Amino acid sequence: MQDSPTTKAGPAEVDNGSGSLEQSEASGVASGSILPEPGQASQVQFFESLFGSAQGYVCIARKRAGSRELVERFHLYPKQLDSVLRVAELSANEYDVYFCAQLLTTNQHQS
């Protein structure tokens, strides 16, 4: 398991449900572990085993190696699980990718 960064989060990107992203400010720390690598256990099953039938926001955070800035994206679970997986997969080669291991009630971190 990879340690979570201890830096303040930078700008957040919120998936507004229409496929586009909106910028919002967020502070806090991303928590959780790195996502399963493609080709390993099903990523859909991974999130379903964590969250089951619960509903809320999944926070995916990413940062470039050597950078201290986290960019967060919030996605409504389970409705936007496909966008969670797409962001993680598209980011995996250029970024360290993290997720919050609990569902959130809002699309931003609370201070």
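The values are calculated or read from the model by the stated rules, or taken from the named source; none is laboratory data. A quick note: this is a predicted structure, and the numbers were derived from the prediction, not measured. Using ideal geometry, Cβ is built from the backbone for each residue, glycine included, and neighbour counts are taken over all protein chains shown.
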Being part of a strand (DSSP E or B), surrounded by 15 or more Cβ atoms within 10 Å (Cβ to Cβ), modelled with pLDDT of 90 or more and not aromatic (F, W, Y), is that true of even one residue in the stretch 31-53? no
Mind checking whether some residue in the stretch 68-83 is free of Cβ contacts under 8 Å to residues at least 24 places away in the same chain, surrounded by fewer than 17 Cβ atoms within 10 Å (Cβ to Cβ), over 11 Å from the mean Cα position of the chain (by Cα) and not in a loop (DSSP other than H, G, I, E, B)? yes
